[in-house]
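S.K.: Below is a structure I'd like to ask you about.
The values are calculated or read from the model by the stated rules, or taken from the named source; none is laboratory data. If you're wondering where the values come from, they're calculated on a predicted model, not measured in any experiment. Here the Cβ is made from the backbone with ideal geometry for all residues, glycine too, and neighbour counts use every protein chain on show. For the accessible areas, the whole protein counts, side chains as well, though only heavy atoms, and no ligand, DNA or RNA atoms are used. Shrake-Rupley method; radii C 1.70, N 1.55, O 1.52, S 1.80 Å.
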Amino acid sequence: MSSEKYEIRRSGRRRTTMGIVREAGRLVVLVPDRLTARQERELIPGFVSRFLEQESNRRPPAADAALTARATELFTRYLAEPGATVPQLTVTWSARQRQRWGSCTTATGEIRLRTGCSRCRTGWPTMC
C-alpha cells in the first residue's frame, strides 16, 4: 500500500486504461467508470506504488541550490580571475532536454542540465 494519499476520479469516456497525474501536488488516479470496488481495491494501490517508484527514479537527487553552489565553486576554482567578482549563476535540472547534456543563457547566467545526467556517477557535474 502506498503512503501517499490519492484521489480516484472516474470517467465514463475512459474504457480500459488507468492513469495517474499530479494536480496541485496531489495524485489523481483516473479510472474507467465501470471499474468495480473490488478491482479498485486490488489494482489501484499497486498502480500508485509503481508510479511513485518510477517518479522517484525520475526526480533529480540534488537540489538546485546544491547545483548552483557547485557551479559557483567550479567557476571560482577554474575560470575566475584572482580578485574578480563571481557572476550570479543559477543551475537547474531540465526535463525538456532530450538530445543535449545541457544548455545555458550567458546573459542571465542560467545553466540547465538534462535530468538524465542526475543519474551519473557521484561527483558529477564537474569540469575535471
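S.K.: Among what's in the range 1-27 and is under 17 Å from Glu55 (Cβ atoms) and surrounded by 15 or more Cβ atoms within 10 Å (Cβ to Cβ), pick the residue that is farthest from the chain's Cα centre (by Cα).
M.R.: So the first thing to find is which residues in the range 1-27 are under 17 Å from Glu55 (Cβ atoms), and the list is 1-7, 18-27.
Those still in the list that are surrounded by 15 or more Cβ atoms within 10 Å (Cβ to Cβ) too: 2, 6, 18, 20, 27.
Working: Ser2: 19, Tyr6: 19, Met18: 22, Ile20: 16, Leu27: 15 Å.
Among residues in the range 1-27 that are under 17 Å from Glu55 (Cβ atoms) and surrounded by 15 or more Cβ atoms within 10 Å (Cβ to Cβ), the one farthest from the chain's Cα centre (by Cα) is Met18.
S.K.: Tell me, which strands (runs of 3 or more DSSP E) wholly within the range 68-120 include 3 or more residues that are touching a Pro at 6+ places or on another chain (Cβ under 8 Å) and under 23 Å from Glu55 (Cα atoms)?
M.R.: By residue number, no strands (runs of 3 or more DSSP E) qualify.
S.K.: Go through (1) outside any loop (DSSP other than H, G, I, E, B); (2) at pLDDT below 80; (3) touching a Cys at 6+ places or on another chain (Cβ under 9 Å) one by one and return the number of the condition Trp124 breaks.
M.R.: So Trp124 meets the others, but not (1).
S.K.: Among Val48, Val31, which is the only one that is surrounded by 13 or more Cβ atoms within 10 Å (Cβ to Cβ), modelled with pLDDT of 80 or more and not in a helix (DSSP H, G or I)?
M.R.: Answer to the selection: Val31.
S.K.: OK, next. Evaluate the range 49-68: report whether one residue or more is among the aromatic types (Phe, Trp, Tyr) and under 17 Å from the mean Cα position of the chain (by Cα).
M.R.: The initial filter retains those residues of the range 49-68 that are among the aromatic types (Phe, Trp, Tyr), namely 51.
The next check asks that each one be under 17 Å from the mean Cα position of the chain (by Cα); those that pass are 51.
Within the range 49-68, one or more residues are among the aromatic types (Phe, Trp, Tyr) and under 17 Å from the mean Cα position of the chain (by Cα).
S.K.: Kindly indicate whether Thr68 is in contact (Cβ under 8 Å) with a residue 12 or more places away in the chain and open to solvent by less than 80 Å² (accessible area, probe 1.4 Å).
M.R.: Taking the combined requirement at face value, the residue satisfies it.
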